[in-house]
Amino acid sequence: MPHDILLPCAALVGLTGLVWLRAVYERIAESRARGIAPQSLAFSRDTARILKNTQALDNFTNLFEFPVLFYVLCLAMVATGMGTVVHVAAAWVFVGLRVVHSLIHITYNRVLHRFVAWMLSAAWLFAMWGGFVFELVLHRA
């Protein structure tokens with residue numbers, strides 16, 4: 001069913017929500033522990049300068065970069081009726097790679113490990129887009 005492709009989208013939204021909750025918790029906890037006035041965090045450049053623990057917040061922001069292309073792709077698949085079992089499986093792989101990236105980012109944050117997960121997820125997403133466009137062209141011929 002083409003609509004099954006929306007399940008990985010929902011899972012990625014769930015991941016985004018969990019990362020958001022962690023970012024809010026960490027910001028409030030650090031602000032209270034260090035006596036940081038909320039108004040001093042009014043601008044993102046100040047937040048990065050003042051707060052020491054911004055990994056979850058950085059990851060939350062990152063979840064609105066490449067994943068936007070994923071959401072668009074999934075909606076395009078629904079609109080064209082092209083959400084096959086293969087597409088759904090590929091979407092779950094992308095979500096899994098994003099989960100790995102987020103876990104690395106918000107825990108031990110080893111840049112090389114995070115970069116590998118990021119690159120794999122980006123390459124996978126572009127391959128998914130390539131397959132989708134290829135199928136669109138085939139169906140038009």
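Every number here is computed from the coordinates shown, using simple stated rules; none is lab data. The shown structure was predicted, so the numbers you read here are calculated from the model rather than taken from an experiment. FYI the Cβ positions are ideal-geometry reconstructions off the backbone, even for glycines, and counts take in every protein chain you see.
One residue stands out in the range 69-101 among those that are farther than 17 Å from PHE126 by Cβ and β-branched (Val, Ile, Thr): the one that is nearest to the chain's Cα centre (by Cα), namely VAL99. For first residues located in the range 18-47 and within 20 Å of PHE64 (Cβ to Cβ), partners that are among the aromatic types (Phe, Trp, Tyr) and lie 6+ apart or on another chain with Cβ distances below 9 Å form the pairs VAL19/PHE60; TRP20/PHE60; ARG22/PHE60; ALA23/PHE60. Of the residues that make up the range 108-129, is at least one out of contact with any His (no Cβ under 6 Å at 6 or more places or on another chain), without any contact (Cβ under 8 Å) to a residue 40 or more places away in the chain and among the hydroxyl-bearing types (Ser, Thr, Tyr)? So far as the range 108-129 goes, yes, one or more of its residues are out of contact with any His (no Cβ under 6 Å at 6 or more places or on another chain), without any contact (Cβ under 8 Å) to a residue 40 or more places away in the chain and among the hydroxyl-bearing types (Ser, Thr, Tyr). When ILE104 is tested against (1) farther than 18 Å from PHE134 by Cβ; (2) in contact (Cβ under 8 Å) with a residue 24 or more places away in the chain; (3) crowded, with 21+ Cβ neighbours inside 10 Å, just one condition goes unmet, and that condition is (2).
Out of the range 85-141, which residues are β-branched (Val, Ile, Thr) and in contact with a helix residue (DSSP H, G or I) (Cβ under 7 Å, 6 or more places away or on another chain)? If you could, list the steps in order and put the result at the bottom.
Filtering the range 85-141 for residues β-branched (Val, Ile, Thr) gives 85-86, 88, 93, 95, 99-100, 104, 106-107, 111, 116, 133, 137.
Listed by number, the residues that qualify are VAL88, VAL93, VAL95, VAL99, VAL100, ILE104, ILE106.
Summed over the range 65-84, residues that are part of a helix (DSSP H, G or I) and either surrounded by 13 or more Cβ atoms within 10 Å (Cβ to Cβ) or touching a residue at least 60 places away in the same chain (Cβ under 8 Å) (or both) total 12.
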